[in-house]
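Visitor: Pasting in a structure now, in structure tokens, and then I'll have a few things to ask.
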Amino acid sequence: MAKFEGYKDIYVFVEQKNGEIANVGYELISEARKLVASIPHMNFDVVGVLLGHNIKDKANDVIKHGADKVIVVDDELLATYSTQFYADALTQVINAFKPDSLLTGATVLGRDLAPRVAARLNAGLTADATKIEMDPEKEDEALLLVTRPTFGGNLFGTIICPDTRPQMATIRPNVFSMDPVDESRTGEVIEFTPEFTDKEAKVVVKEVIEKVVEGIDITKCDILVGAGRGAEDCLDMVAAVAEELGGAMCASRAVVDDGLADKAIQVGQTGKTVRPSLYIACGISGACQHVAGMEKSDMIIAINRDPQAEIFSIANMGFVGDVKEILPLLKEEIIAAKK
Ligand code: FAD
């Protein structure tokens, strides 16, 4: 008899707000597809779990992004996020369908929901993962190897949850890439009705006030020019190069801590994870906590006056020299190339 009789498939919690699905759900579905492909003998499906109200029509989008099935829980108690009702509903989905693993975005919502559900199920949860693989040595089970930064980001630890199911993990947005949409893809939509034993909300949301985000969302930029402490004297030049390239400026934590950039544009372990097609690191040392947030960029160009700087070890191209001298030359070259 299999060790975890009845537990099957990789489930992805598909986060939505006002009916708009967050990209992280699609990123996790794409990664889950790779995971199931690595264990063909287990015959696992990728299953999306969509919670909300009036969201059933979104299930097909989830399928087109790679899910084989979508479980839809549509209830007016789930219209806006509530820890109580979402945790109730998701726990019931898991108890009813027995997923082998469940992946959730490490968003504000996911970080609130996943641990609560894990505690209710007595399941293991690895938070803030940056890499997920199947253990190739386990033939008769789908054991996830979940890697995350630890000890302040100085080490990476790989965590397994071998004794309980589902194996749960939260993963930051932008860590995995999203597969292209396949319009021809079809799949099964299953409607699930949970029983809310206590319909009285412990916390009542009186009003939702949308945060006004000023400036550009760096996670959506295709070109980023990153300013580190070595570029603090020429941030206007960094911004000018970013503008010439049609991209945006971002920053290391050092620059944010020095009060010279907004936290919203910080890249790294305690900032945002980005994966642009071009990342130009200006006066950035390449500390692992920064690299964790940008190493998946398609092309990395580093400018640093220290030839031994760590950033060069992950750069596709490097310039050893003073940013204050190199950036104006770069800007001129870009302008000339545009003519
Ligand atoms: P520095 O380390 O000071 O490096 C400056 C670089 O600029 C040096 O390599 C230097 O050679 C070069 N330089 C100096 N002058 C010039 C010049 N004129 N021309 C060219 N090069 C020059 N950091 C992040 O960025 N993001 C995070 O999310 C983050 N999270 C963290 C979480 C934890 C728990 C901890 C402990 C740390 C975190 N850090 C983070 C901090 C991280 O460890 C580094 O301290 C930080 O990334 C350093 O920023 P920096 O490279 O800009 O500055």
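Visitor: Of all residues in segment 254-271, how many are near the ligand (Cβ under 6 Å from one of its atoms) and out of contact with any helix residue (DSSP H, G or I) (no Cβ under 7 Å at 6 or more places or on another chain)?
Guide: Residues in segment 254-271 being near the ligand (Cβ under 6 Å from one of its atoms) and out of contact with any helix residue (DSSP H, G or I) (no Cβ under 7 Å at 6 or more places or on another chain): 0 in total.
Visitor: Any residue at all in segment 109-118 that is open to solvent by 10 Å² or more (accessible area, probe 1.4 Å) and among the β-branched types (Val, Ile, Thr)?
Guide: Taking every residue of segment 109-118 in turn, none turns out to be open to solvent by 10 Å² or more (accessible area, probe 1.4 Å) and among the β-branched types (Val, Ile, Thr).
Visitor: Another question, if that's okay. When you look at residue 230, is it touching a residue at least 60 places away in the same chain (Cβ under 8 Å), within 9 Å of the ligand (Cβ to nearest atom) and out of contact with any strand residue (DSSP E or B) (no Cβ under 6 Å at 6 or more places or on another chain), yes or no?
Guide: In short, yes.
Visitor: For segment 34-82, name all the residues that are among the polar types (S, T, N, Q) and modelled with pLDDT under 95.
Guide: Hits for segment 34-82 are 80, 82.
Visitor: A further question on this structure: Under the condition of being part of a loop (DSSP other than H, G, I, E, B) and under 13 Å from the mean Cα position of the chain (by Cα), which residue from segment 1-48 is surrounded by the most Cβ atoms within 10 Å (Cβ to Cβ)?
Guide: 15
Visitor: Would you mind stating whether residue 335 is open to solvent by 40 Å² or more (accessible area, probe 1.4 Å), at pLDDT 95 or above and more than 8 Å from the ligand (Cβ to nearest atom)?
Guide: The answer is no for residue 335.
Visitor: Restricting segment 288-321 to residues that are surrounded by fewer than 16 Cβ atoms within 10 Å (Cβ to Cβ) and within 10 Å of the ligand (Cβ to nearest atom), which is farthest from the chain's Cα centre (by Cα)?
Guide: Out of the qualifying residues, it is 321.
Visitor: A follow-up question, please. So, in segment 49-67, how many residues would count as being touching a helix residue (DSSP H, G or I) at 6+ places or on another chain (Cβ under 6 Å) and surrounded by fewer than 22 Cβ atoms within 10 Å (Cβ to Cβ)?
Guide: The total comes to 1.
Visitor: Can you tell me how many residues within segment 211-233 are open to solvent by less than 10 Å² (accessible area, probe 1.4 Å) and among the hydrophobic types (A, V, I, L, M, F, W, C)?
Guide: Of the residues in that region, 5 qualify.
Visitor: So residue 146 fits all but one of (1) modelled with pLDDT of 95 or more; (2) open to solvent by 40 Å² or more (accessible area, probe 1.4 Å); (3) in a strand (DSSP E or B); what number is the exception?
Guide: In the conditions (1) modelled with pLDDT of 95 or more; (2) open to solvent by 40 Å² or more (accessible area, probe 1.4 Å); (3) in a strand (DSSP E or B), residue 146 misses (2) alone.
Visitor: Something else now. Only one of (1) among the aliphatic types (A, V, I, L, M); (2) assigned to a helix (DSSP H, G or I); (3) open to solvent by 40 Å² or more (accessible area, probe 1.4 Å) fails for residue 255. Which number is that?
Guide: (3)
Visitor: Out of everything in segment 68-107 that is open to solvent by 30 Å² or more (accessible area, probe 1.4 Å) and in contact with a strand residue (DSSP E or B) (Cβ under 6 Å, 6 or more places away or on another chain), what residue ends up being farthest from residue 204 (Cα to Cα)?
Guide: Ranking the qualifying residues of segment 68-107, first place goes to 68.
Visitor: Quick one: how many residues across segment 272-287 are within 6 Å of the ligand (Cβ to nearest atom) and open to solvent by 40 Å² or more (accessible area, probe 1.4 Å)?
Guide: Residues meeting the conditions: 2.
Visitor: For residue 133, work out the one condition from (1) open to solvent by 50 Å² or more (accessible area, probe 1.4 Å); (2) outside any strand (DSSP E or B) it doesn't fulfil.
Guide: Single failed check for residue 133: (2).
Visitor: Look at residue 239 and say whether it is open to solvent by less than 30 Å² (accessible area, probe 1.4 Å) and either of a type outside the set (A, V, I, L, M, F, W, C) or closer than 16 Å to residue 225 by Cβ (or both).
Guide: It is false that residue 239 is open to solvent by less than 30 Å² (accessible area, probe 1.4 Å) and either of a type outside the set (A, V, I, L, M, F, W, C) or closer than 16 Å to residue 225 by Cβ (or both).
Visitor: Continuing with this model, one more query. For segment 155-169, state whether one or more residues are under 30 Å from residue 276 (Cα atoms) and buried (at least 18 other Cβ atoms within 10 Å of the Cβ).
Guide: Scanning segment 155-169 turns up at least one residue that is under 30 Å from residue 276 (Cα atoms) and buried (at least 18 other Cβ atoms within 10 Å of the Cβ).
The values are calculated or read from the model by the stated rules, or taken from the named source; none is laboratory data. Just so it is clear, the model here is predicted, and its values are computed rather than measured. Note that we place each Cβ from the backbone using ideal geometry, even for glycine, and neighbour counts take in every protein chain shown. In case anyone asks, the SASA skips ligands and DNA or RNA and just uses the protein heavy atoms, side chains included. Shrake-Rupley method; radii C 1.70, N 1.55, O 1.52, S 1.80 Å.
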